[in-house]
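First up is the structure itself, then whatever we jot down about it.
The values are calculated or read from the model by the stated rules, or taken from the named source; none is laboratory data. Only a predicted model underlies this, so the values are computations on that prediction, with no experimental measurement involved. Backbone-built Cβ (ideal geometry, glycine too); neighbour counts: all protein chains shown. We work out accessible area using only protein heavy atoms, side chains counted, and drop any ligands, DNA or RNA first. Shrake-Rupley method; radii C 1.70, N 1.55, O 1.52, S 1.80 Å.
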Amino acid sequence: SRPLSNGLTKMTQITAQMVKDLREMTGAGMMDCKAALGETSGNVDAAVDWLRKKGLSKAAKKADRVAAEGLVGVAVKGTKGVVVEVNSETDFVARNDLFQGLVKMIADVALDVGADVEKIKAAKVGSKTIADLVTETVAKVGENMTLRRAAEIKLGQGAVGTYIHNAVIDNLGKMGVLVGLESTGKADELAALGRQLAMHVASSNPLAVDPSGLDPAVVTREKDVLADKFKQQGKPANMIEKIVESGIKTFYKEVCLLEQPFIFDDKKSVAQALKEAEGKVGGPIKVTGFVRYKLGEGVEKQESDFAAEVAAASGVTKPN
């Protein structure tokens, strides 16, 4: 990989930790990651694309960067389901009965008032608001807590499937998933199918139910990366267009729920598995949406690696 221009300036901007994080996201070599960050002035998303265009990485999106502790909770009542994330400073508190009770209470309140965080905080349980109860629990436990986010799925008829991964107790854990199944079929069969689908979402992490639900910018970005990659390989323009269209279909199978191979029978897509289940359920089934909350995803890391900073500033790569 070619040396960075204006090395001193770049070295002070691009730390060993950034290189290490990019390597973990993409599986590309350390020096390639360093070069990618140098070429893109430290922009991680652009560096991922740079590596992919060079054929050095298969990463389609940023890896989750997890820092926060706490719990994700789910609750369902009839054809409505909610998922909430409540953060704490340490994992120790997540195992505390008081904290677990608070998260359960917040999920139950969200079932009544909806997924607006401010409305949940203002809602009353007896004479006290949820915000008051959070403050009280903070005082008792001695650690800061915050209701970070909430989401809901509501249906006219059907069932909301739920799944909690790494559960500490019922309906509380490190990841929570809701899946909405609209159907006139049997509620118990739908709920069982919904749980399987929720487990699938937890495992396969789709971006949308089907291609129409994808952010157009994500699709454009994917097409650009594919086109640039094959252009650099010297493929003719008319061929590139066909290869890109084929590549996008493969991308859809990777990131769209209905097109993914079903984890319980990977010879079928999720859409095919749903079609087969309609006979057992006793009616057509439509996936209206899903929510997948992984504890702490998207929260920036706070810890500082002093040795890595020194190594980066001196131009020495710290061993991984």
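Structure summary
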| read-out | value |
| --- | --- |
| Test set (1) more than 25 Å from the chain's Cα centre (by Cα); (2) surrounded by fewer than 16 Cβ atoms within 10 Å (Cβ to Cβ) - Val138 fails condition number | (2) |
| Complete set of residues in the range 179-207 that are out of contact with any helix residue (DSSP H, G or I) (no Cβ under 7 Å at 6 or more places or on another chain) and outside any helix (DSSP H, G or I) | Gly180, Glu182, Thr184, Asn205 |
| Contacts under 9 angstrom Cβ, first residue in the range 102-119 being more than 15 Å from Val134 (Cα to Cα), partner of a type in the set (Asp, Glu) and crowded, with 16+ Cβ neighbours inside 10 Å, 6 or more apart | Leu111/Glu152; Gly114/Glu152; Ala115/Glu152 |
| Every pair of residues 6+ apart whose Cβ atoms lie under 9 Å, when the first sits in the range 192-221 and is in contact (Cβ under 8 Å) with a residue 60 or more places away in the chain and open to solvent by less than 20 Å² (accessible area, probe 1.4 Å) while the second is assigned to a strand (DSSP E or B) and among the polar types (S, T, N, Q) | Ala198/Thr162 |
| Test: residue in the range 172-188 that is closer than 26 Å to Pro284 by Cα, under 18 Å from the mean Cα position of the chain (by Cα) and open to solvent by 20 Å² or more (accessible area, probe 1.4 Å) | no |
| Matching option when the condition is at pLDDT 90 or above, among the small types (Gly, Ala, Ser) and over 30 Å from Leu56 (Cβ atoms), among Ser203, Ser183 | Ser183 |
| Residue that is assigned to a helix (DSSP H, G or I), modelled with pLDDT under 90 and open to solvent by 50 Å² or more (accessible area, probe 1.4 Å), where the choices are Glu300, Glu254, Glu245 | Glu245 |
| Selected residue (only one of Lys242, Lys253, Lys275, Lys235 is among the basic types (Lys, Arg) and within 24 Å of Glu189 (Cβ to Cβ)) | Lys275 |
| Residue in the range 152-169 that is touching an Asp or Glu at 6+ places or on another chain (Cβ under 6 Å) and of a type outside the set (D, E, K, R) present | yes |
| Where Pro284 falls short, out of the listed (1) at pLDDT below 95; (2) in contact with a Gly (Cβ under 9 Å, 6 or more places away or on another chain) | (1) |
| Residue in the range 143-150 that is part of a strand (DSSP E or B), under 30 Å from Asp91 (Cα atoms) and among the small types (Gly, Ala, Ser) present | yes |
| Every residue from the range 269-281 that is modelled with pLDDT of 95 or more, open to solvent by 50 Å² or more (accessible area, probe 1.4 Å) and either closer than 13 Å to Leu181 by Cα or among the basic types (Lys, Arg) (or both) | Lys275 |
